[in-house]
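Notes for the one structure printed next.
Coordinate-derived values only; no laboratory data. These numbers come from a predicted model, not from an experiment. Here the Cβ positions follow ideal geometry from the backbone for every residue, glycine too, while neighbour counts run over all protein chains shown.
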Amino acid sequence: MRLEQATQKDFEAIIAFYDDVTERTPDMAVYARWIKGKHPTQESIRTYIDEGSMYLYREEGGIVGAMAVTMYQGEDYHSIEWARQVGDDEVAVIHILAVSPDKQGEGIGSEMIREAIRMALSKGMKAIRLDALASNKPAHRIYERLGFEYRGKQHLYAENTGWTDFYFFEYKNCKTVNEYAPAGDSQPTIPCLSERSSFVRQLDDKLEFVCLEKKQMQLRPFNPDDAETILGWCKDKYSFRLWSADRYKDFPAKPEEMMRQYEGQNLHPLTAISDDIIIGHILLRYPSEDKTVIRFGFVIVDDSKRGKGYGKQMLRLAIDYALLELRAKCITLGVFCDNSSAVECYKSVGFRIIGMDSYVIDGDEWKGFEMELLA
């Protein structure tokens, strides 16, 4: 993802973008409580542009994401007990983050936050913070999954909300680039996420960046033409069983067998694409009548693209979809103990092991972990 700094030439388009977000975002009145013309205001947007704090993400020339990232914090942040005691001009603060209603659920907001983190660190900021209405629980969950922690609340007045509670969050892993660099090295420049470098690879786990060699990944509904490609990623029977357990009778499986797996209701099979190329697949389903629980299954990434961050990105998009679109409160999955790379990948996006089971497949005993992620 590459963000561009807004100019005053973008002002009218930005206003139109936020008006559209305010009017068409589901449950806006319940969670964020933005009101057209009152929040965000034209005056605040013009100020952010003038000071160089307004950033846009475009696709095909149109604005699909916008936010302000100031390299200072205001007085409202002074009374919170922050983990890092630093000056106002050593803090980056993320404001008015929004994604087009047509693009919500694709992980764009999460990637914009990661890019804001990268940008703040590259400028030497010692803390990264943000605030949200206490009622905006979906946003809280995303912030916490991206590495922010709740630090306190204040009862404040805003024109669009009146007097209400605001929650304040701080990025837990906020170290400057110098703190990560080896001793004696000059401070490196972190490139955009689309420009992967050896230095960014070293920061992946610490900063929770998802660095892709291709453009932004998207999830779309699975279609029958995807089946042959996806099944072809399992090159032998062992890897096939690691992926499918005993759900298929024989290896190799045929596309029509995959289609039979997805017959019935309460199933959401999704395909991950980048540059219009299929690179991953995941199934979301309701394991019971309790629609607050989603189970992930058949998780797989193109075997030629593993180890490049695609798996984490696909999982994060699927998690966003489950929590924000399907309104799940818990996500579960099963993974074989021998599949250590998958286990670590699931842990890295917030899953934890809650149990272990044994299965007999093709006459052999397989042990598997049960994992969950709570909203």
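Things worth noting here:
- Top positive-direction residue, dipole computed over the chain with Cβ charges, set A253, M371, A98: M371
- Ordered by the count of other Cβ atoms within 10 Å of each Cβ, fewest first, M356, M54 give M356, M54.
- Arranged from fewest to most other beta-carbon atoms within 10 Å of their beta carbon, D10, D276 become D276, D10.
- A dipole drawn for the chain from +1 and -1 charges on Cβ atoms has a positive end, and of S110, C345, T164 the residue lying farthest that way is C345.
- Taking 28 Å as the straight-line reach from the Cα of K137, the lysines in range (excluding those fewer than 8 positions away in the same chain) are K36, K38, K103, K126, K153, K172, K175, K206, K291, K312, K329, K347.
- Share antiparallel - DSSP beta bridges, the chain, percent rounded to 5: 90 percent
- Share antiparallel - DSSP beta bridges, the range 218-374, percent rounded to 5: 90 percent
- Qualifying aspartates and glutamates (Cα of each under 14 Å from Cα of K249; at least 8 residues distant if same chain): E257, D362
- Going from the fewest other Cβ atoms within 10 Å to the most, the residues F351, F251 appear in the order F251, F351.
- Checking (1) 20.1; (2) 17.9; (3) 26.3 against mean projected area of the Cα convex hull in nm² calculated from these atoms, the matching label is (1).
- Candidate cross-link partners of K367 among the aspartates and glutamates, defined by an alpha-carbon separation under 17 Å and a same-chain spacing of 8 or more, comprise D246, D338, E344, D357.
- Applying both filters, DSSP loop and at most 16 other Cβ atoms within 10 Å, to the GluC sites (Glu not before Pro) of the range 68-113 gives E81.
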